[in-house]
Amino acid sequence: MRAARLFAAAILAALLLSIPASVSFGDDIAERARKLHFSSIVLDTHDDTTQRFFSKNFDLGKRNPDGHIDIPRMKEGGMNAIFFSIWIDGRTMGPTAIQKALDQIDAVHENVRKNSKDMMFARTAADVRKAHADGKIAALIGVEGGHMIDLGVRYMTLSHFYNDEWADSSTDKPAHNGLTDYGKQIVREMNRQGMMVDISHVSDKTFYDALEVSKAPLIASHSSCRAICSHPRDMTDDMIKALAAKGGVIQINYEKSFIDEAYRQASEKVSGGVVAMFDQLKKQCGEDEECLGKKMNEMEKQATAEGKLPHVTWDRIVDHIDHAVKLAGADHVGLGSDFDGATMPEGMEDCTHLPKITEALMRKGYSDDDIRKILGGNLLRVMEQAEKISHEVQAQ
Ligand SMILES: [Zn+2]
């Protein structure tokens, strides 16, 4: 009796194993997810690839052996709209800062021109949709804690790791109690110009001040959820709900120390915090951005190999998307990877892995409509609202 049952079980197992993979339910979802992903506008609001334009070793049009972004890999990952971030060290101020920002803006325009077969510069949500219809990648510009420059810049972060003269940062000692009067004027001016107001990096008080002043919905171009990982760069549940109540969107950042609490705590021990680590590496590299990036990568890899840092896998990103959606609804969440500027979790080594996010959301039961909104639709809606408000303000 027992032997017969074992025998039957063995036959059943053999039968199950012999079923071709194509009839399993899993593969149906994988196929549907691929179709949805590659027919959607997949928009990423924060990529530090701009810094790489200044390296002789980097070519946006070719597949590069390092980094997270280039055109061939964007095509492979179905990423067809990108905000190139303009970033300058928060301690660089005045004319030098403006010159550096202008050089970077030039470099973005130049790289788009060089790759015009595959890429198109976009200033409006309509431009992004047109690029997609033409089978091209839409390139946009966001300024990270910079100055007021309108050369196609579509968002500006109110601060970076350090305070501005008019806005407190989340990673500096408060100096202004949020946004100064001048800072509030800047937000109003951004509304007038149709530039999206980005609250990633700002202190909680600056966020609430900006939310009160801005006529247009705000974006967090690259922030995650503090309820899951208690980094000050992430947003609390209350902030996410308040952002959503005014129509805004949180674009989830993939940086390991922003998405995984165990990793955040361990990396604080290893490096003594982001700012301390940065200052340490600057002694070795000076102003050489490439050297800085390489050194940071090496340090991180070594600490992980030695077991000082825990492993973090890509599905953590999906946990943050899902948390924000449960809090605020699928209309208020999107993607802001921080590719080429952050340490990516395992399984998200570059932008070719993006289709996994779509498939994971589908497996969780998200509707096709909601997934499309998260991939890019929500950000385009906010962009259109910023454009509409700009027209209204300018007509007054
Ligand atoms: Zn940033």
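The values are calculated or read from the model by the stated rules, or taken from the named source; none is laboratory data. This one's a predicted model, so the numbers in the text were calculated from it and none came from an experiment. Please note: Cβ atoms are built from the backbone with ideal geometry, for glycine as well, and neighbour counts cover all protein chains shown. These accessible areas exclude ligands, DNA and RNA; they are computed on the full protein's heavy atoms, side chains included. Shrake-Rupley method; radii C 1.70, N 1.55, O 1.52, S 1.80 Å.
For every residue, the table says whether it meets (1) assigned to a loop (DSSP other than H, G, I, E, B); (2) small (Gly, Ala, Ser); (3) without any contact (Cβ under 8 Å) to a residue 60 or more places away in the chain.
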{"position": "Ala342", "(1), (2), (3)": "yes, yes, no"}
{"position": "Thr352", "(1), (2), (3)": "no, no, no"}
{"position": "Ile357", "(1), (2), (3)": "no, no, yes"}
{"position": "Met362", "(1), (2), (3)": "no, no, no"}
{"position": "Tyr366", "(1), (2), (3)": "yes, no, yes"}
{"position": "Ile371", "(1), (2), (3)": "no, no, no"}
{"position": "Gly376", "(1), (2), (3)": "no, yes, no"}
{"position": "Met383", "(1), (2), (3)": "no, no, no"}
{"position": "Glu387", "(1), (2), (3)": "no, no, no"}
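Which residues, counting only those in region 160-183, are buried (at least 24 other Cβ atoms within 10 Å of the Cβ), within 18 Å of Gly94 (Cβ to Cβ) and touching a helix residue (DSSP H, G or I) at 6+ places or on another chain (Cβ under 7 Å)?
Ala167
Of everything in region 361-384, what is open to solvent by less than 20 Å² (accessible area, probe 1.4 Å) and more than 13 Å from the chain's Cα centre (by Cα)? Give them in sequence order.
Start the filter on region 361-384 by keeping residues that are open to solvent by less than 20 Å² (accessible area, probe 1.4 Å), which leaves 361-362, 371, 374-376, 378-380, 382-383.
Scanning region 361-384 gives Leu361, Met362, Ile371, Asn378, Leu380, Val382, Met383.
For region 230-257: of the residues being open to solvent by less than 10 Å² (accessible area, probe 1.4 Å) and free of Cβ contacts under 8 Å to residues at least 60 places away in the same chain, which is nearest to the chain's Cα centre (by Cα)?
Looking at residues that are open to solvent by less than 10 Å² (accessible area, probe 1.4 Å) and free of Cβ contacts under 8 Å to residues at least 60 places away in the same chain, I get Asp234.
Looking at (1) touching a residue at least 24 places away in the same chain (Cβ under 8 Å); (2) assigned to a loop (DSSP other than H, G, I, E, B); (3) more than 16 Å from the ligand (Cβ to nearest atom), which one does Glu287 not meet, given that it meets all the others?
(1)
Name every residue in region 155-169 that is within 16 Å of the ligand (Cβ to nearest atom) and either under 21 Å from Gly248 (Cα atoms) or not aromatic (Phe, Trp, Tyr) (or both), in order of residue number.
Passing the criteria: Tyr155, Met156, Thr157, Leu158, Ser159, His160, Asn163, Asp164, Ala167, Asp168, Ser169.
In the set Lys117, Lys100, which member is more than 19 Å from Thr157 (Cβ to Cβ) and surrounded by fewer than 21 Cβ atoms within 10 Å (Cβ to Cβ)?
Checking each option against the conditions leaves just Lys117.
Within region 77-91, identify whether any single residue is modelled with pLDDT of 95 or more, of a type outside the set (Val, Ile, Thr) and open to solvent by 70 Å² or more (accessible area, probe 1.4 Å), and answer yes or no.
The answer is no, given that none of the residues of region 77-91 is modelled with pLDDT of 95 or more, of a type outside the set (Val, Ile, Thr) and open to solvent by 70 Å² or more (accessible area, probe 1.4 Å).
May I ask you to verify whether Lys184 is closer than 22 Å to Phe278 by Cα and away from the ligand (no atom under 16 Å from the Cβ)?
The answer is no for Lys184.
Of the residues Ser230, Ser214, Ser203, only one is more than 19 Å from Gly341 (Cα to Cα), within 15 Å of the ligand (Cβ to nearest atom) and out of contact with any Phe, Trp or Tyr (no Cβ under 7 Å at 6 or more places or on another chain); which?
Testing whether each residue is more than 19 Å from Gly341 (Cα to Cα), within 15 Å of the ligand (Cβ to nearest atom) and out of contact with any Phe, Trp or Tyr (no Cβ under 7 Å at 6 or more places or on another chain) leaves just Ser203.
Mind checking whether some residue in region 130-141 is within 15 Å of the ligand (Cβ to nearest atom) and either buried (at least 23 other Cβ atoms within 10 Å of the Cβ) or part of a strand (DSSP E or B) (or both)?
Yes; the residues of region 130-141 include at least one that is within 15 Å of the ligand (Cβ to nearest atom) and either buried (at least 23 other Cβ atoms within 10 Å of the Cβ) or part of a strand (DSSP E or B) (or both).
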